[in-house]
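Asks: Here it is: the structure, laid out below.
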Amino acid sequence: MRHRKTGRQLGRNTKHRRALFCNLVTALLEHERIETTEAKAKEVRGIAEKVITLGKEGTLHARRRALTMLKKKDVVAKLFRDLAGRFSARQGGYTRIIHTRTRPGDAAQLVALELVERGGEGTSTSPSSIAPSPSEA
């Protein structure tokens with residue numbers, strides 16, 4: 001029975017699911033906008049917000065904890081250098097989910113998961129500005 005168990009299983013075992021979430025969070029912080037399914041986006045959103053909060057702490061311990069989730073050192077550097085300063089005034093709610101389209105193959109609802117305050121490129125919602133998620137490519 002699944003009574004009081006949180007989180008979606010997404011048809012994967014634990015290690016595969018954790019690797020998927022790590023890859024999606026890394027891609028989100030690297031590109032600041034990814035396109036994925038709605039269920040994956042809703043699960044990754046909470047993890048990404050916790051990682052950004054770690055970046056705001058700025059301690060060595062927080063950096064090492066972020067390295068366990070993010071798989072690229074340059075993304076960790078970007079998190080602590082750029083994103084932490086950008087979100088320093090916010091108390092949470094660093095991401096947003098925008099419904100984009102329905103995938104033709106299986107009619108899955110696709111969404112764009114993006115950072116609220118994106119740097120440099122504005123808030124264009126055109127499909128060309130969306131980086132595909134690692135699981136979609």
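Computed from the coordinates by the stated procedures, all read-outs in this text should not be read as laboratory data. From a predicted model like this one, the values you see are computed outputs, not experimental measurements. Methodologically, a virtual Cβ is constructed for each residue, glycine included, from the backbone with ideal geometry; neighbour enumeration extends over all protein chains shown.
Asks: Per Stokes-Einstein, at 4 °C and 1.567 mPa s, what whole-number D in µm² s⁻¹ belongs to the chain, with the Kirkwood radius over Cα pairs as the hydrodynamic radius?
Replies: For these conditions, the coefficient is 83 µm²/s.
Asks: Only sites in a loop by DSSP and with at most 10 other Cβ atoms within 10 Å count here; which trypsin sites (Lys or Arg not before Pro) in segment 1-57 make the cut?
Replies: For trypsin sites (Lys or Arg not before Pro) across segment 1-57 that sit outside H, G, I, E and B with at most 10 neighbouring Cβ atoms in 10 Å, the list reads 2, 4, 5.
Asks: For the pairs 5/78; 15/72; 5/71; 5/73; 40/71, note any where the Cα-Cα span goes beyond 24 Å.
Replies: Long pairs (Cα-Cα over 24 Å): 5/78; 5/71; 5/73.
Asks: Taking only complete DSSP H runs, can you tell me which helices of the chain stretch 18 Å or more along their own long axis by Cα positions and average at least -1.0 on the Kyte-Doolittle scale?
Replies: Span-like helices, by this rule, are 14-31, 38-57.
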